[in-house]
Amino acid sequence: MILVTGATGHVGSELVRLLAAAGEPVRAMTRWPAQARFPADAEAVYGDAADPESLAAAFAGVGGAFLMSAQAVGTAPEPTHDLALAAAAERAGVRRVVKLSTLDGGTGDDPIARWQRTAEAAVTDPARGFAWTLLRPGRFMSNALQWAGQLRTGDEVAIPFADRPAASIDPSDLAEIAALALTTGEHTDAVYELSGPQSLTPTEELAVLGEVLGRDLRVRPVSTDAARAGMSRYGFPPEVVDAIMRRTLDGDRGSEVLPTAEKVLGRPARTFARWARAHAAEFPRP
């Protein structure tokens, strides 16, 4: 049995679909199993990393697990959700683990790096006994779904850092790599830093999306002060906001096209245009 945490997310939902289609016994963990829609062959189970006592049943009888957490950096003294998931996997005797991390993992010494270093170590600690794989993507193409609400009321989208390029990756490619790592022994102790096949700015992505939707879409710039205020409203503490701003404004990490996805998948990574066509129905049309 393979457990997928974050099973209603962009990566997790696709991973559940891939595993079920391949005939792998798969259990999809979510906080709302009654409302979630999964393939008929997938078992939906309740589990919440914020409630560690709920995890025993979710991990029972599991041999492999995909671990991810949406816990925002800095909202606790350490990544308690990642720690709870890894501990539950260890107690259940899980053998193979794929951890969804972030580009650069714990490299550096800012609050983001320290958080990710602790989260990854929860999986890679030899005492756990896991055969592990770390996936370290940069920006997700699915981040563009945040624009859908604004596009319901007009053709202009407010986008922070609209001219900063990133080699965004399709979550479907991440799911496919995770499936390979969970179902074969070929990716044990591998750390994969991952990107898509193109480096595009959000402005350029919006233009591609506009072509797919048949709309003339435009960017409304967001000042750095407004971007900072938005992160604070989201709940990031000041030191984390400072770290995000430094990473965004003082470097170009994440803009490089990396060869890893193509090497692992044996095919080119999916383009943003392909992602936009696949998800066009999630955006309003003219």
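The values are calculated or read from the model by the stated rules, or taken from the named source; none is laboratory data. Here the structure is a predicted model, which means the values were calculated and not measured. Positions of Cβ are generated from backbone atoms using ideal geometry, with glycine treated the same way; all protein chains shown enter the neighbour counts. SASA here: full protein model, heavy atoms, side chains in, ligands and nucleic acids out. Shrake-Rupley method; radii C 1.70, N 1.55, O 1.52, S 1.80 Å.
For the chain, the dipole from Cβ point charges (+1 on Lys and Arg, -1 on Asp and Glu) about the Cα centre works out to 460 debye, to the nearest 20. Close amide H pairs (under 5 Å, H built 1.01 Å from N) link VAL97 with ALA65, ALA131, TRP132, THR133, residues at least 5 positions away or on another chain.
The Cα-based radius of gyration and maximum Cα-Cα distance (Dmax) for the chain are 18.9, 56 Å.
How large is the Rg to Rh ratio of region 39-109 when both quantities use alpha carbon positions and Rh follows Kirkwood? Display every interim value, and only then the final one.
On the way: Rg = 13.3 Å, Rh = 13.4 Å.
Rounded to two decimals, Rg over Rh is 1.00.
Averaged per residue, region 12-161 has 44 square angstrom of accessible surface, using a 1.4 angstrom probe with ligands and nucleic acids left out. Summing charges over all other residues whose Cβ lies under 11 Å from the Cβ of ALA276, with Lys and Arg as +1 and Asp and Glu as -1, gives -1.
With the chain treated as a Gaussian network of Cα nodes joined by springs under 10 Å, which of ARG246, ARG95, ARG164 yields the largest mean-square fluctuation? Of ARG246, ARG95, ARG164, the Gaussian network model singles out ARG246 as fluctuating most. Ranking TRP275, GLN198, THR184 by Cα position along the charge dipole of region 137-282, where only Lys, Arg, Asp and Glu carry charges on their C-beta atoms, puts TRP275 farthest toward the positive end.
Quick check: from the Cα gyration tensor, does region 1-158 come out rounded (a/c under 1.5), prolate or oblate? The shape class here is oblate.
Residue separation of ALA158 and ASP41 scaled by 0.36 nm, minus their Cα-Cα distance, works out to 38.0 nm of gained length. Considering only ILE112, ILE169, ILE244, the mean-square fluctuation computed in a Gaussian network model of the chain, springs between alpha carbons under 10 angstrom, is largest for ILE244.
Let me know the shape class of region 163-286, please: from the alpha-carbon gyration tensor, a ≥ b ≥ c as square roots of the eigenvalues, rounded when a/c is under 1.5, otherwise prolate if a/b is greater than b/c, or oblate.
Working: a/c = 2.10, a/b = 1.23, b/c = 1.71.
Oblate.
Quick one: pull the percent of accessible area on region 113-175 belonging to carbon and sulfur, 1.4 Å probe, ligands and nucleic acids left out. If you can, show how the numbers build up before the last one.
Working: 1090 of 2280 Å².
Within region 113-175, the accessible surface is 48 percent carbon and sulfur.
Add -39500 (n - 2.57) for each DSSP H run of 4 or more in the chain, then divide by its residues: what number comes out at 222 nm, to the nearest 500 deg cm²/dmol?
On the way: 11 runs with 109 residues, N = 286.
Theoretical 222 nm ellipticity from helices: -11000 deg cm²/dmol.
Taking all protein chains into account, the per residue accessible area for region 165-286 stands at 50 Å² (1.4 Å probe). Centre-to-centre separation between the Cα atoms of region 152-171 and those of region 256-286: 15 Å. With θ taken as phi - 60° and the Karplus curve 6.51 cos²θ - 1.76 cosθ + 1.60 applied, the whole-hertz 3J(HN,Hα) list for region 194-206 is 10, 9, x, x, 9, 9, 10, 7, x, 4, 5, 5, 5 Hz, x standing for glycine and proline. DSSP assigns beta bridges within the chain; of those with both partners inside it, close to 5 percent run antiparallel.
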